[in-house]
Amino acid sequence: MKFSQLRNSNMIKIVSFLLFFTLPISCKKSGSGSLLVHSLKSGEYEVYKILGDSSLQFVSNKIGQLNEQLELHTGNYLVLGDCSYQIAMIHSGKTTELIAHSLTFVPPIPSEAGDLFSIQCNRYPQTHPPQQIRQRFELNVFPGMIDMLVGMKPLKLNLGLDEFKTPQNLTFDLAALRVSPVTRSFPVEAPPYFISPSEGQLAITQPQEFGKWQFLMPGHYTVTVNGTQREVDLKEKESISLDPSYIKFECSSNIDMDRYQAIKGEPYTAELNDKRAFTVNTVYPLISETVNFRLDGATKAEILTLQAQTLTTVILRSVEVSLNCGPWEWECLGKRDISLFETNSPYPFLHGSTDLPILFSKDEVQIEIEGAQSLRYKIPKGKRDSVFETGQLLLKPKVMFKPGQLSLLMRVEGDNLNVLGQSYDIPYIRDTRMHLITGAYSLSHFYVTGAHTQTGGTQLSSRIQVGIKKGEVKEISFDYYLPEDKFESYSQSSGNGVRTKVSGKDRPFVAF
């Protein structure tokens, strides 16, 4: 290449280089405009350049200040305010002007740290997630349809361009609601409480700490504290502070609740209002004036009236029926049911298991062991914790036929003032094993002698004294007399039975 050609080529490159850097500068100056958003308040807004009408792709994010000009390249822009938007066209050398209205939410009392005020809304239909505004009481919104959730109440506004030509300030008076701070005079289990709207279709709730306010639109709300509820009507500029009450289910320190959980597989709890389970020896705040509670195993709930800022203690007594199992003898522990009855009541009010403390709150209580139904044991009145030891009674019937002698009934009866009632009829077709609380009993026999039919003869009764000791298995055989036809049927089906003749000395009972 000749020198002159090389020089011309280099000049072309230099000119091209200069044009590359100078042309954009001149274009920027000639292809720019500005945006001015008028408002009664100060604040910020966001600006995104729209690449194309169909693509809805946004770039060039900028922050603008209300009432100050913002220089932008020419083109279309998405301008986002609080809960609203506008589309702005920027022309070269011109200022595009918009207006933003102010929304002011006025709390009835000054907001402090920990208080709650929230607004949720969509600024633009295709922007996700929704805008979340917290602890800000002034908003700047562009004209149009405004749809927001203020606290937990919907608020819809139509700020049309034709209606408002200049920026406006719209004011909304709020209300305030809280549950008062919990007392520190005793340990309290105080998770957050909840407020939710009582009307409308919105399923929304907000948790809050005790002693902290929630600022809300006027309306009807439900306050929930530990499964208890209070309905509240809030008016504009009103502040309501609800005082909690307190409840405690208290058992004595002698009860090993860890052992209870190990055997049962779950902790002991009392259920409040059929919703919330409470553990023992813990103080819980509530908001209702009247509650019902159901102890573990209870057949029905009990009603309790509470007072604000007052601790109500439900004193729990306990009873345990021991089968003398080993410490971790799982095949034995808790394997028999225990029923608790009030005096003269035919139905139990609570069910539990052997080898576990059974907690109850009533004064005069009797217990019944599975397998020894209708034999009830008095729990000493006023005693906080009771433990009953048991032994076993193994009854072995000897079925026989004696002309003129028929057994009517065989049962176990208590032989002391603390045992009431008597067992069911002891069956003659099998052995019967009964777990009985230690003490004195009688095995009573009711029979007919001198009978030629089942309805004839003289009815007599006799008994054997039985003492039950802790861990003892006492075995007793007894004679049971059947009519000849039943005896023959029994002998054929079982292969057992003894045929004897009538003799006074053969009787195993002493008549009385």
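The values are calculated or read from the model by the stated rules, or taken from the named source; none is laboratory data. Every value quoted in this text rests on a predicted model; they were computed, and no experiment measured them. Cβ coordinates were reconstructed from backbone atoms using ideal geometry, including for glycine residues, and neighbour counts include every protein chain displayed. Surface accessibility is based on the protein's heavy atoms, side chains included, excluding ligands, DNA and RNA. Shrake-Rupley method; radii C 1.70, N 1.55, O 1.52, S 1.80 Å.
Below is a table of values for the structure above.
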{"quantity": "Rounded FRET efficiency, nearest 0.05, which uses the C-beta distance separating Ile87 from Asn158 and R0 of 25 Å", "calculated": "0.85"}
{"quantity": "Sequence-distant aspartates and glutamates (8 or more away, or on other chains) whose Cα lies within less than 20 Å of Lys402", "calculated": "Asp479, Glu484, Asp485, Glu488, Asp506"}
{"quantity": "Difference of contour (0.36 nm per residue) and Cα-Cα distance, Gln135 to His38", "calculated": "32.5 nm"}
{"quantity": "With every protein chain in place, the chain: carbon and sulfur % of accessible area (1.4 Å)", "calculated": "51 percent"}
{"quantity": "Surface accessible to a 1.4 Å probe, Asp479 within the full protein complex, Å²", "calculated": "20 Å²"}
{"quantity": "Selection from Gln131, Gly457, Phe278, by position along the positive dipole direction of the chain (Cβ)", "calculated": "Gln131"}
{"quantity": "Additional length obtainable on full extension of the chain from Thr290 to Phe172, 0.36 nm per residue less Cα span", "calculated": "38.9 nm"}
{"quantity": "With DNA, RNA and ligands ignored, accessible area of Val106 (1.4 Å probe; Å², nearest 10)", "calculated": "60 Å²"}
{"quantity": "Net charge of Cβ neighbours under 12 Å - reference Gly219; Lys, Arg +1; Asp, Glu -1", "calculated": "-3"}
{"quantity": "Rounded to the nearest 20 debye, dipole of the chain from Cβ charges on Lys, Arg, Asp, Glu", "calculated": "1120 debye"}
{"quantity": "Accessible area (Å², per residue) of the stretch 83-131, counting only protein heavy atoms and a probe of 1.4 Å", "calculated": "50 Å²"}
{"quantity": "Extension gain (nm, one decimal) between Thr282 and Gln373, 0.36 nm per residue minus Cα-Cα", "calculated": "29.2 nm"}
{"quantity": "Two-site label geometry, Gln261 and Gln465: point separation in nm, points 7 Å out along Cα→Cβ", "calculated": "4.9 nm"}
{"quantity": "Correct option for Rg/Rh (Cα atoms, Kirkwood Rh) [calculated from the coordinates] among [x] 1.17; [y] 1.37; [z] 0.96", "calculated": "[y]"}
{"quantity": "Inter-label distance for Glu46 and Arg184, nm, one decimal - labels placed 7 Å from Cα along Cα-to-Cβ", "calculated": "4.2 nm"}
{"quantity": "Between 0 and 90°, nearest 10: helix 484-494 axis offset from the chain longest Cα axis", "calculated": "50 degrees"}
{"quantity": "Cross-link table Lys362/Lys474; Lys396/Lys486; Lys212/Lys248; Lys62/Lys237; Lys275/Lys381; Lys153/Lys300, entries beyond 28 Å C-alpha to C-alpha", "calculated": "Lys362/Lys474; Lys62/Lys237; Lys275/Lys381; Lys153/Lys300"}
{"quantity": "Paramagnetic label zone (point 7 Å from Cα along Cα-to-C-beta, Asn67; backbone N under 11 Å) in the stretch 36-52", "calculated": "38-43"}
{"quantity": "FRET efficiency, 1/(1 + (r/R0)^6) with R0 35 Å, evaluated for Thr310 and Glu389 via beta carbons", "calculated": "0.30"}
{"quantity": "Projected label distance in nm at Glu238 and Tyr347, using a 7 Å step from Cα toward the beta-carbon", "calculated": "4.2 nm"}
{"quantity": "Under 11 Å from the Glu112 label point (7 Å along Cα→beta-carbon), backbone N, the stretch 206-224", "calculated": "211-213"}
{"quantity": "Local electrostatic count at Ala113 - Lys and Arg +1, Asp and Glu -1, tallied over other residues with Cβ under 12 Å", "calculated": "-2"}
{"quantity": "Residues Lys362 and Gln206, FRET efficiency given R0 of 51 Å [Cβ-Cβ distance, rounded to 0.05]", "calculated": "0.80"}
{"quantity": "Net charge contributed by nearby residues that have their C-beta within less than 12 Å of Ser339 (K/R +1, D/E -1)", "calculated": "-2"}
